[in-house]
Structure formats: C-alpha cells, structure tokens
Amino acid sequence: MTYDELKSLFWQMTADIIGEKLINADKFIRFKYPESGQPDWKISQDIVFINLSERDEDYAKQVDSRFKTENETVMRYMARTRVWQVLFTVYGPNAYDIANKIKDGVFRQSIHNLLSRSSVFLIPNLPSIIQANELFAGRWWNRWDLTLHFNELYEMTPDDIGHIETVSVSTQVNNR
C-alpha cells in the first residue's frame, strides 16, 4: 500500500471505532495540526490527530523472495513486513474515553476484517494511555496519547530476472 492508502485505512479505522463520539468525524479526525500553529477548534471540542510513521524494527529488515517461471522468464516476487507506529493524540473533555475506545476498538472483529483486507495486523502489546495536557494561551487543554503498532505485509513490484538461454556442460573422466 502507498502511504496515503495507509493513512486512509487508519482514518477509516478510527472513524469506525469512535465516529459516533464525534460531532463531525471529517473535521475532528485529522492527520495534520493547524498550519498556523494554534488550535482551530475549541477547548470544549473533542478532536483526534493521527500520526503514522514507520518503526525501525529488526523484523522489518528482512526480505522474503520467491521465484516463479512465467512466459519463459523467471520472476522474483519479494515481500517484507513494514512495522507502523500509529500515535493517536486526543484533545477535549472526552479525550481519555475516546483514546480508551480506540484501544479497545482495535480488537473488534469488524476492525480486524477492515485491516486484514489490506494485510495490516495489530501487534497486541497495548501500552498505557498517557496524559499529556498542554498549556496554550493561559489555559490547560486536556490531552491523552495512545500509541499502537501494526504489521503490514508489503509486497514489492515483481522483478524480471531473466532466463537462461543456453547451458554448457562439460565432463571429465578421472581414471586413477
């Protein structure tokens, strides 16, 4: 999957889990902070920011290859695992409850089905939800963070490695 496709997948997952808790999921589930550097929502509104980044894991550094003969040539199919770290930063009066709903919701069968159709799977080592209130304009904004990890089976573009046109074989008799 492309990065944008993954972002859409995690946005959809989040909307499916908590959509009914937010007034307008399209506005209040986001990937970007406001570019002006200050909140464009009210302290009384709930909002979720999703930050998706690839995680440096030994497991993700291995490539599996398989070879298949097709149309008189040999194709190499390669796949590897990408490990994704998804940080949910939740603001608002219901921030903890929303973060907790995400933490629990990733275990729902419908969410598993949504992710698995794209070869994405939760790594079920659930961390604590961390309170990280922020001081802005003389007011404390309620904030809770949750970080989840996922494995993605990533298949690379097949590679045509060619074929063997001729083979020379020579033999030698050794009489001792």
Gyration tensor over alpha-carbon atoms, the range 55-113, equivalent ellipsoid semi-axes in Å: 41, 15, 9
In this model, which of LYS61/LYS101; LYS7/LYS42; LYS27/LYS101; LYS61/LYS103; LYS7/LYS68 are farther than 21 Å apart at the alpha-carbon? LYS61/LYS101; LYS7/LYS42; LYS61/LYS103; LYS7/LYS68
If the label point sits 7 Å along Cα→Cβ of ASN113, residues of the range 122-158 with amide N under 16 Å come out as none
How large is the Rg to Rh ratio of the range 41-176 when both quantities use alpha carbon positions and Rh follows Kirkwood? 1.32
At 10 °C and 1.306 mPa s, the Stokes-Einstein diffusion coefficient in µm²/s for the range 117-175, with hydrodynamic radius from the Kirkwood sum on alpha carbon pairs, is 85 µm²/s
Per residue Cα convex hull volume in Å³ - calculated over the range 68-148: 136 Å³
Largest first and rounded to whole Å, the semi-axes √(5λ) derived from the alpha carbon gyration tensor of the range 1-108 read 38, 14, 13
For the range 1-64, take the alpha-carbon Rg, divide it by the Kirkwood Rh, and send me Rg/Rh. 1.09
Qualifying chymotrypsin sites (Phe, Trp or Tyr not before Pro) for the range 21-124 [loop in DSSP, other Cβ within 10 Å: at most 16]: PHE31, TRP41, PHE107
By how many nm would the segment from PHE31 to LYS61 lengthen if fully extended, with 0.36 nm per residue of separation less the alpha-carbon distance? 8.1 nm
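Every number here is computed from the coordinates shown, using simple stated rules; none is lab data. Small disclaimer: the values here were computed from a predicted structure and weren't measured. With ideal geometry, Cβ positions are generated from the backbone for all residues, glycine too; neighbour counts draw on all protein chains shown.
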